[in-house]
């Protein structure tokens, strides 16, 4: 469906992709879109590769995004961007966190963390690289890395008409709302 | 209200609205959140975790016969466990409406096989509905209750991972009052002795005919006319995929009530369209029946019957179309398999188990299923819930008979032991094998995301309750040799294995330590204390031997350039398993 837009969030279990998917989809629903979102639970939670797929538009059928279909690929971890790159529309945008989490085979020294991932992606698609970990750390909350990336996503997708700060407040614990909003703003700025 | 709900949340909402009063389940991906969400309706719905799916279904059957609307939920392999009561309840029929949610897992995201449970409806001769999004998941609970009561049949409510775990918009309503029918003793219906069941089988066949007539009338099965050159029959998420690919370029017969199939409606649809495709995920369940009815259609010769279906597969198979993709070399991307968490109590236990020689390590379904991977390589088999103990017993008998020096060691979690392991252990005692059974009690049902169980001390709806005393239980079964160990203490684990291997009678080692992700109860805090902290590596002492890395802890990072190990302070929980395997005592817990 031509009017449907596709957002693919990928990362590693435990990085908070699910919360971003939740904030994103609830904001899109408020804005009046038909929204479908798909995520995979279960074994993926134990440090595996995870994806969260959000599709929105006038009418959405499939809850999953096909290869070459994502308008934006937001990768919370550097190498994961490369794993999922075939899902990105060649005309789409990649937002990649400059943050490496070595997987089990890498930790054991069975293989190496791939070099030049960011360069490869930049050479293939319109790419924004963000050091969300550093930004979140500067704000005093390394865990808000996911919301920094969410800010970058909103900016890159041009979804700035929605009152995201209100949506964030509704979806996070009250005592973390302010840090998360700061993280969101920092992510928006960083993606210019 | 309009809400964005997962299919599982929508089923729970549907149960609430449809006046369901009782629901029971055993957790299993992708079904788990159905009961977790139903549990929120305290006061309206009694929601319970049962120790296994057979018990869950039997409880639900009892509640239905008592006159209430009821629901059981389980993953597809759970239906195998519950198949015994299901096939007989199909004969007796219901009093209060009853549905069984079978949550199938095409693509094996979190399962040991890829079975297509639609065949259960045909096999058990019961009605089946299949929602294609969350709105239908909610609405079809009510429809299932009405069908169940009207036709006196259990209803198989079949969903898949992409229905369970996808969110879409749902219009919610108020709860319709829970109507409890009176219980009336009726031995001709509920007392399935052969003389009764013989008669009931006749009634079951008549019911199938009535259900097929209903299938042809119900709005759950509807036609969408567009271009008639292509006609598509689809159900469940496959319908959404087909719409995604063909849009208005095809006509659809969308089926929500999928057993018995509405063959008259299918025949009429087939007559109107040029080429008829049956688009279904996994097996040719509909296609086989449609072809057997003499209606020409195209299905599995184009669309594979393995793994998840998606719009890309349909577009390529039926239209020869594929979107352009970015061309790159994905082979440089390292695998990222799921691993045991940093601080997982299973790690130390498996580390010691893997060092034993002449051992067959039979294991089971749970987080410890991950213990077979590199670098632990600590288990040999996983078949199904509870099988570790019974398989270990059978294997041990053969090693003994043929004089081979192997010893079977079974590893099973607390929840899985209480699921179906108890009977297996009883068998090992009864049939006199010297099996070593390790119950890895992490005080919760771990893999599915921390559900209470009969050993955890709480019910699904948060009531404190009796916790099964596992050491007392295994002693009562007849195990004379029982030891409980702290799995974070490797010496204790090692000594327990040596002790058990020297015995000529069956023994049980209980590894008791809470899941590192578990929210500790007051009892946990009292028993296990506040052990959390962080370990650090003294780089001057580290010789880069990687002994610690071979525990497979994701908090340990070996630096190839410096040949030293570093510990990620964010992930480390201070379990000290790595410190115990370090030959140079280079690792210590901060503050100790």
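Check off (1) within 15 Å of residue B:520 (Cα to Cα); (2) in contact (Cβ under 8 Å) with a residue 12 or more places away in the chain for residue B:480 and give me the number that stays unchecked.
Looking at each condition in turn, residue B:480 falls short on (1).
Of the residues A:44, A:2, only one is over 28 Å from residue A:162 (Cα atoms) and at pLDDT below 95; which?
Matching residue, one of A:44, A:2: A:44.
Condition check: surrounded by 15 or more Cβ atoms within 10 Å (Cβ to Cβ) and within 12 Å of chain B (Cβ to nearest Cβ). Does residue A:145 satisfy that?
yes
Against the definition (surrounded by 16 or more Cβ atoms within 10 Å (Cβ to Cβ) and within 14 Å of chain A (Cβ to nearest Cβ)), how does residue B:514 come out, yes or no?
So residue B:514 does not fit the description; no.
Within the stretch B:330-348, can you find the residues that are at the interface with chain A (Cβ under 10 Å from one of its Cβ atoms) and assigned to a loop (DSSP other than H, G, I, E, B)?
Residues satisfying the conditions are B:333, B:334, B:335, B:336, B:337, B:338, B:339, B:340, B:341, B:342, B:344.
Just to verify a result, which residue in the stretch B:550-579, among those that are over 35 Å from the mean Cα position of the chain (by Cα) and either within 12 Å of residue B:348 (Cβ to Cβ) or surrounded by fewer than 19 Cβ atoms within 10 Å (Cβ to Cβ) (or both), is farthest from the other protein chains (Cβ to nearest Cβ)?
Per the criteria, the residue is B:579.
If we only count strands (runs of 3 or more DSSP E) wholly inside the stretch A:1-103, which ones have 2 or more residues that are in contact (Cβ under 8 Å) with a residue 12 or more places away in the chain and facing another protein chain (nearest Cβ under 7 Å)?
Result: A:34-39, A:88-97.
Test residue B:474 against the stated conditions and say whether it is more than 16 Å from residue B:350 (Cβ to Cβ), buried (at least 22 other Cβ atoms within 10 Å of the Cβ), touching a residue at least 24 places away in the same chain (Cβ under 8 Å) and assigned by TED's automatic domain parsing to the domain that holds residue B:392.
Yes: the conditions hold for residue B:474.
Here are the criteria: (1) surrounded by fewer than 20 Cβ atoms within 10 Å (Cβ to Cβ); (2) within 14 Å of chain A (Cβ to nearest Cβ). Tell me which single one residue B:376 does not satisfy.
(1)
When you check residue B:578 against the structure, is it assigned to a loop (DSSP other than H, G, I, E, B) and touching a residue at least 12 places away in the same chain (Cβ under 8 Å), yes or no?
It is false that residue B:578 is assigned to a loop (DSSP other than H, G, I, E, B) and touching a residue at least 12 places away in the same chain (Cβ under 8 Å).
Filter the stretch A:8-20 for residues that are closer than 11 Å to residue A:146 by Cβ and at pLDDT below 95 and give the result.
Correct list: A:11, A:14, A:15, A:16, A:17, A:18, A:19.
Of all residues in the stretch B:279-323, which are over 28 Å from the mean Cα position of the chain (by Cα) and outside any loop (DSSP other than H, G, I, E, B)?
B:289, B:290, B:291, B:292, B:298, B:315, B:316, B:317, B:318, B:319
Applying the selection to the stretch A:118-145, what residues are touching a strand residue (DSSP E or B) at 6+ places or on another chain (Cβ under 8 Å) and either farther than 21 Å from residue A:91 by Cβ or in contact (Cβ under 8 Å) with a residue 60 or more places away in the chain (or both)?
A:128, A:130, A:131, A:132, A:133, A:145
Scan the stretch A:113-132 and tell me whether some residue there is within 8 Å of another protein chain (Cβ to nearest Cβ), more than 29 Å from residue B:372 (Cα to Cα) and in a loop (DSSP other than H, G, I, E, B).
For the stretch A:113-132, residues within 8 Å of another protein chain (Cβ to nearest Cβ), more than 29 Å from residue B:372 (Cα to Cα) and in a loop (DSSP other than H, G, I, E, B): present.
Take residue B:353 and tell me if it is within 14 Å of another protein chain (Cβ to nearest Cβ), farther than 25 Å from residue B:52 by Cα and either touching a helix residue (DSSP H, G or I) at 6+ places or on another chain (Cβ under 6 Å) or crowded, with 23+ Cβ neighbours inside 10 Å (or both).
no
Being assigned by TED's automatic domain parsing to the domain that holds residue B:14, under 25 Å from the mean Cα position of the chain (by Cα), over 17 Å from residue B:62 (Cα atoms) and surrounded by fewer than 24 Cβ atoms within 10 Å (Cβ to Cβ) is the requirement here; does residue B:138 meet it?
no
Assess whether residue B:23 counts as being at negative phi, at pLDDT 95 or above and away from every other protein chain (no Cβ under 14 Å).
yes
Residue under question is residue B:318, and the condition is that it be more than 30 Å from residue B:532 (Cα to Cα), touching a helix residue (DSSP H, G or I) at 6+ places or on another chain (Cβ under 9 Å), away from chain A (no Cβ under 14 Å) and crowded, with 18+ Cβ neighbours inside 10 Å; does it hold?
yes
Quick check: is even one residue across the stretch B:224-232 surrounded by 14 or more Cβ atoms within 10 Å (Cβ to Cβ), touching a residue at least 24 places away in the same chain (Cβ under 8 Å) and within 29 Å of the chain's Cα centre (by Cα)?
no
Working only within the stretch B:404-437, note down all residues that are over 22 Å from the mean Cα position of the chain (by Cα) and assigned to a strand (DSSP E or B).
The answer is B:407, B:408, B:409, B:436, B:437.
Go through (1) over 20 Å from residue B:468 (Cα atoms); (2) touching a strand residue (DSSP E or B) at 6+ places or on another chain (Cβ under 7 Å) one by one and return the number of the condition residue B:405 breaks.
(2)
The values are calculated or read from the model by the stated rules, or taken from the named source; none is laboratory data. Just so we're clear, the structure is a prediction, and the values are computed from it rather than from any experiment. Methodologically, a virtual Cβ is constructed for each residue, glycine included, from the backbone with ideal geometry; neighbour enumeration extends over all protein chains shown.
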